[in-house]
Amino acid sequence: MARLQTLFFLGKGGTGKSTTSALLSLVLMEQGKKVLLASFDDAHNQSDIFETRFSDKACTLAPCLEVLQIDRNKEIKRYLKKTAQNVKSSYAYLTAFNLDNYFDILKFSPGMEEYALVTAFMGLQTKYKNYDYLIIDMPPTALSLRFFNLPTLSLTWIDQLEKLRLDIYERKQIISKIKFAGKEFERDKVLSRIREIKSDYLILKDIFEDPQKSTLLAVFNQDVLSVAETGRIIEQLNSLNIHLKGLICNDRMEEAPNDHPIENQLSALPVQKIPYSSSSLIGMDALKQHIASCHMTFDKILNILCL
């Protein structure tokens, strides 16, 4: 059985991370690997690149390649619906109230976008667990970093909620346990739900931090703003114990500038350049031609990734 490996492509908007993720998807596909390319970016760049309208239902482009576009609004609605169901099941007395109006308001609350993307990501991890690669074209940097920070931030809150719940039970002496076959089972649905959420986020945190499960790449251009933002990505991910595997410099001009900011600022990580293409990289044929013209480059990228 294949062990799913997730590749995340991050970077400043306009650096070419969508094109790079599309190219790597084709490279792996041509090696006979089973690949799902998922766009988490509302810009719908993958639809433009492949000249195909994608939705949240996977579209088969080749025997080993499927592509989908996450619908963030739909994911938010799914997340809120599931949350409402969990609340009702944990707090039976709330069934007398109409919670739907309250959850309609919640969809505008801060943090909802990253919660929706995390829910979508975990769903893909389960549904496509028998694939070789899940390649994710990430949204702009700010949302991407909130996405990767969500497990750590949520676990901080959940730990406090768990302690508070246990403290309430101890003080009010409402912890009830039943014995069955010599074992004790807690009858509190709320505490069980808190621990279930905690388990989910620990799994997600492990996926992000374990290089055997996830590989993160940042795509940048040879300009000051792009390099500076890439540096911030590295710094913030490192603070979460999440580390980039390498950098991809996407040449957007035929001749690179004389100064090389990557040499000084980003030299701690391996860097591989994707050569400039004089023709537009739109459509399957154009992408494959570019791969063929610089196949050594993609071999080096796969070496960086240890694939």
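Values in this text are rule-based calculations from the coordinates and carry no lab data. Keep in mind that what you see is a predicted model, and the values were worked out from it rather than measured. Reconstructed Cβ throughout: ideal geometry from the backbone, glycine too, with neighbour counts over all protein chains shown.
What to note about this one:
- Taking amide H as placed 1.01 Å from N in the peptide plane, the amide H of LEU10 sits under 5 Å from that of LEU217, ALA218, VAL219, each at least 5 places away or on another chain.
- Ranked by the mean number of other Cβ atoms within 10 Å of their residues, highest first, the peptides 279-288, 65-74 come out as 65-74, 279-288.
- Arranged from fewest to most other beta-carbon atoms within 10 Å of their beta carbon, VAL35, VAL190, VAL227 become VAL190, VAL227, VAL35.
- On the beta carbon distance between GLU196 and LYS57, with R0 = 41 Å, the FRET formula returns roughly 0.90.
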